[in-house]
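Visitor: Let me give you the structure first, and then I'll get to my questions.
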């Protein structure tokens, strides 16, 4: 075998080329993100005002604000979390703390993954037949929240499971050695330690739920409803559906464009806040754990 | 006493925990039951509008007609019974409203009480007739022949190209163009997302410094967090007009627009999963390669990427799965024309977009409604296949790594 300067040079040149291509493509991905964010921020910021956020839509949704949509989305997020968080956490505790590697565990995990992969529009179909029709909830916050709750359940289960897994076994053994029962160990040792990661997971799923449109199309969302809900059997407007409606099928698409930019910016804002909070929490808690 | 109570309590809580853990399984089962029950009922009904019949003259020799043949008759593509194996007789189209052209108001009766009788009469004296009228207007001594309409079959449903669920007199329920549209858009999306996503994953896993990676990671997460309507909105306002002017098209809502948006949306899935896969390459293997004189790129190219191959495949498949199921963004940018796509510059219509756009208008329990649920079943099966494939690949991968 011969080693020539030439072949080494060629090798290095190839590496230089490959690395720069990868770097450039990564930068491109970031640029796409920045383009989307800045485009919507640039156009949306002009529309956003206190009035826009707190008043009712007017004139065929070309003027006024998006207050009912914000309230509607808040209701749906709260409702779905009330459903998904307890069940998700309990489920993850059972899978991670009570079952050993077994067929049951693998099966439940497989089903959870499958549920996570089901398209959101199928959840919409399902929610409509089960909650709206069969159980007779009608188009309501209840039906919408349950549909969204089921949709986000796999996310909560998975993040909680990860959080529980990251608690080292030595803590559990220590607790048992002190005479604590399994339940006591979970309650007093495992859960508190896993808590930060669980919260992070929940925050991220709030972000996801607030942006989902397809599941609420046929279970709760109202096209135009300039009043606030009074109970869980009311229909509501929701931010993502509102954006869809005014950007595609409104009575006057051109005139309602500023409203659409504003709504899109509010949605992006929610996602930004959620992600920043989650990351900040993650950082804060990981520091704290290291310090202890 | 206290001890047994405590034990009992622990058992109860364990029971509750167990029950919660079964809820995902239960949900999947319920989704299957509800979706398929409604979807299956499509194949137990004929595609003619409910409460209506098609009738011909008693001398007509034509046999069972398919939905497509009936459509061609009413579109006047078929104008002679001979083409359908009947007598040589031109086809005469008749709808209920036409009756007043042939009979006076008196003949039809003050409250239209003679309508059934007149309909019968008219069918009887017109040999080439095909009549479409409400079944309540069938006369008690009806002398014509009610056409038996074939039930929608699964084969027809999957292989016919025409999707006109509200067409009269019979709905055209062929989903081939929708299935192909979905696959076409998703395929385009993966063509865009895979190179970009893989490059980013390789950069993050192997090339970038830790600091750069710590900046990139949250940005990718952010990309995943943006709601699909916002992507759709962005596509509608920025990408669609660009495509329109760039290619000089009459409309910019095309498969290409859908693929670009879906490609961006699939990026986070592909980046995250392939990065994880790349990271599982054992350091010993990389070091061995470097020790043999390979440089970093050769190591990545020859050791890391092949080692992570199955993981990267899983990422690509999962990315396709995401694209197939995506609804709102696609609905907003692809133009929703139910035609079989040939290029990326035509409008297409996907399965999820069809469901989202039409379910609101389909009367519950009607044919259209059932057809949309059958579409939901197809979508469900597609995504389950994707999930199980990924599951299979990653379980094999885990075995390989642990050995």
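The values are calculated or read from the model by the stated rules, or taken from the named source; none is laboratory data. Please read all numbers here as calculations on a predicted model, not as lab measurements. Don't worry about glycine lacking a Cβ; one is built from the backbone with ideal geometry, like all the others, and counts go over all protein chains shown.
Visitor: For segment B:244-259, what are the residues that are in contact (Cβ under 8 Å) with a residue 40 or more places away in the chain and under 23 Å from residue A:256 (Cα atoms)? If you could, list the steps in order and put the result at the bottom.
Guide: So in segment B:244-259, the residues in contact (Cβ under 8 Å) with a residue 40 or more places away in the chain come out as B:247, B:249, B:251, B:253-259.
Of everything in segment B:244-259, those that are in contact (Cβ under 8 Å) with a residue 40 or more places away in the chain and under 23 Å from residue A:256 (Cα atoms) turn out to be B:251, B:253, B:257.
Visitor: Could you grab me the full set of residues in segment B:1-10 that are at the interface with chain A (Cβ under 10 Å from one of its Cβ atoms) and loosely packed, with under 12 Cβ neighbours inside 10 Å?
Guide: To start, the set of residues in segment B:1-10 that are at the interface with chain A (Cβ under 10 Å from one of its Cβ atoms) comprises B:6-7, B:9-10.
If the condition is that a residue be at the interface with chain A (Cβ under 10 Å from one of its Cβ atoms) and loosely packed, with under 12 Cβ neighbours inside 10 Å, then B:7 is the only one that fits.
Visitor: Within segment A:1-29, work out how many residues are surrounded by fewer than 17 Cβ atoms within 10 Å (Cβ to Cβ) and within 26 Å of the chain's Cα centre (by Cα).
Guide: So in segment A:1-29, the residues surrounded by fewer than 17 Cβ atoms within 10 Å (Cβ to Cβ) come out as A:1-14, A:16-17, A:20-21, A:23-24, A:27-28.
Next, from what is left, pick out any that are within 26 Å of the chain's Cα centre (by Cα): A:27-28.
Matching residues across segment A:1-29 total 2.
Rundown of residues vs (1) within 23 Å of residue B:379 (Cβ to Cβ); (2) at the interface with chain B (Cβ under 8 Å from one of its Cβ atoms), yes/no style:
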{"position": "A:76", "(1), (2)": "no, no"}
{"position": "A:98", "(1), (2)": "no, yes"}
{"position": "A:133", "(1), (2)": "yes, yes"}
{"position": "A:150", "(1), (2)": "yes, yes"}
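Visitor: Determine whether segment A:28-38 contains at least one residue that is closer than 30 Å to residue B:224 by Cα, away from chain B (no Cβ under 14 Å) and part of a helix (DSSP H, G or I). Quick ask: steps written out before the conclusion?
Guide: In the first step, residues of segment A:28-38 are kept if they are closer than 30 Å to residue B:224 by Cα; the result is A:28-38.
Among the residues that remain, those that are also away from chain B (no Cβ under 14 Å) are: none.
No, that holds for no residue.
Visitor: Among (1) at pLDDT 80 or above; (2) surrounded by 14 or more Cβ atoms within 10 Å (Cβ to Cβ), which single condition is residue B:142 missing?
Guide: Of the numbered conditions (1) at pLDDT 80 or above; (2) surrounded by 14 or more Cβ atoms within 10 Å (Cβ to Cβ), the odd one out for residue B:142 is (1).
Visitor: From the residues in segment B:193-216 that are more than 9 Å from every other protein chain (Cβ to nearest Cβ) and under 26 Å from residue B:328 (Cβ atoms), which one is surrounded by the most Cβ atoms within 10 Å (Cβ to Cβ)?
Guide: The extreme case among them is B:193.
Visitor: Of the residues B:273, B:237, B:190, B:264, which single one is assigned to a helix (DSSP H, G or I), within 11 Å of another protein chain (Cβ to nearest Cβ), touching a residue at least 40 places away in the same chain (Cβ under 8 Å) and under 28 Å from the mean Cα position of the chain (by Cα)? Can you show your working first?
Guide: Working: B:273 fails: within 11 Å of another protein chain (Cβ to nearest Cβ); B:237 fails: touching a residue at least 40 places away in the same chain (Cβ under 8 Å); B:190 fails: within 11 Å of another protein chain (Cβ to nearest Cβ).
Just a single option satisfies the conditions, and that option is B:264.
Visitor: Would you mind stating whether residue B:300 is surrounded by 20 or more Cβ atoms within 10 Å (Cβ to Cβ) and either more than 11 Å from chain A (Cβ to nearest Cβ) or closer than 29 Å to residue B:354 by Cα (or both)? Walk me through how you get there before you give the answer.
Guide: On the way: surrounded by 20 or more Cβ atoms within 10 Å (Cβ to Cβ): yes; either more than 11 Å from chain A (Cβ to nearest Cβ) or closer than 29 Å to residue B:354 by Cα (or both): no.
Criteria not met by residue B:300.
Visitor: Can you name the number of the only condition in (1) within 13 Å of another protein chain (Cβ to nearest Cβ); (2) assigned to a helix (DSSP H, G or I); (3) surrounded by fewer than 23 Cβ atoms within 10 Å (Cβ to Cβ); (4) in contact (Cβ under 8 Å) with a residue 24 or more places away in the chain that residue A:139 fails?
Guide: (2)
Visitor: Regarding residue A:125, is this residue at the interface with chain B (Cβ under 10 Å from one of its Cβ atoms) and in contact (Cβ under 8 Å) with a residue 24 or more places away in the chain?
Guide: Values: at the interface with chain B (Cβ under 10 Å from one of its Cβ atoms): yes; in contact (Cβ under 8 Å) with a residue 24 or more places away in the chain: yes.
In short, yes.
Visitor: Residues in segment A:53-86 that are out of contact with any helix residue (DSSP H, G or I) (no Cβ under 9 Å at 6 or more places or on another chain) and at positive phi: how many? Walk me through it before giving the result.
Guide: Residues of segment A:53-86 that are out of contact with any helix residue (DSSP H, G or I) (no Cβ under 9 Å at 6 or more places or on another chain), as a first pass: A:58-60, A:71.
Filter once more, so that each one left must be at positive phi: A:59-60.
The qualifying residues number 2.
Visitor: Now for a different question. Which residue out of A:220, A:189 is free of Cβ contacts under 8 Å to residues at least 40 places away in the same chain and more than 10 Å from every other protein chain (Cβ to nearest Cβ)? Write out each step before concluding.
Guide: Numbers: A:220 fails: free of Cβ contacts under 8 Å to residues at least 40 places away in the same chain.
Of A:220, A:189, the one residue that is free of Cβ contacts under 8 Å to residues at least 40 places away in the same chain and more than 10 Å from every other protein chain (Cβ to nearest Cβ) is A:189.
Visitor: Among the residues of segment B:332-357, write down those that are modelled with pLDDT of 90 or more, within 11 Å of another protein chain (Cβ to nearest Cβ) and buried (at least 18 other Cβ atoms within 10 Å of the Cβ).
Guide: Across segment B:332-357, the qualifying residues are B:332, B:333, B:350, B:351, B:352, B:353, B:354, B:355, B:356.
Visitor: Counting just the residues of segment B:41-54 that are away from every other protein chain (no Cβ under 13 Å) and part of a helix (DSSP H, G or I), which one comes out surrounded by the fewest Cβ atoms within 10 Å (Cβ to Cβ)?
Guide: Of segment B:41-54, the ones away from every other protein chain (no Cβ under 13 Å) are B:42-54.
Applying the additional criterion that residues be part of a helix (DSSP H, G or I) yields B:42-44.
Numbers: B:42: 23, B:43: 14, B:44: 9.
This residue is B:44.
Visitor: Let me ask something else. Can you find a residue in segment B:307-330 that is within 14 Å of another protein chain (Cβ to nearest Cβ), outside any helix (DSSP H, G or I) and surrounded by 20 or more Cβ atoms within 10 Å (Cβ to Cβ)? Let's see the steps before the verdict.
Guide: The initial filter retains those residues of segment B:307-330 that are within 14 Å of another protein chain (Cβ to nearest Cβ), namely B:314-315, B:317-330.
Pick out the ones that are also outside any helix (DSSP H, G or I) and you get B:326-327.
From what's left, surrounded by 20 or more Cβ atoms within 10 Å (Cβ to Cβ): B:326-327.
So far as segment B:307-330 goes, yes, one or more of its residues are within 14 Å of another protein chain (Cβ to nearest Cβ), outside any helix (DSSP H, G or I) and surrounded by 20 or more Cβ atoms within 10 Å (Cβ to Cβ).
Listed here are the residues, each with its yes/no results for (1) touching a strand residue (DSSP E or B) at 6+ places or on another chain (Cβ under 8 Å); (2) surrounded by 24 or more Cβ atoms within 10 Å (Cβ to Cβ); (3) touching a residue at least 12 places away in the same chain (Cβ under 8 Å); (4) within 11 Å of another protein chain (Cβ to nearest Cβ).
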| position | (1), (2), (3), (4) |
| --- | --- |
| A:182 | no, no, yes, yes |
| A:205 | no, yes, yes, yes |
| A:224 | yes, no, yes, no |
| A:241 | yes, yes, yes, yes |
| A:244 | no, yes, yes, yes |
| A:254 | no, no, no, no |
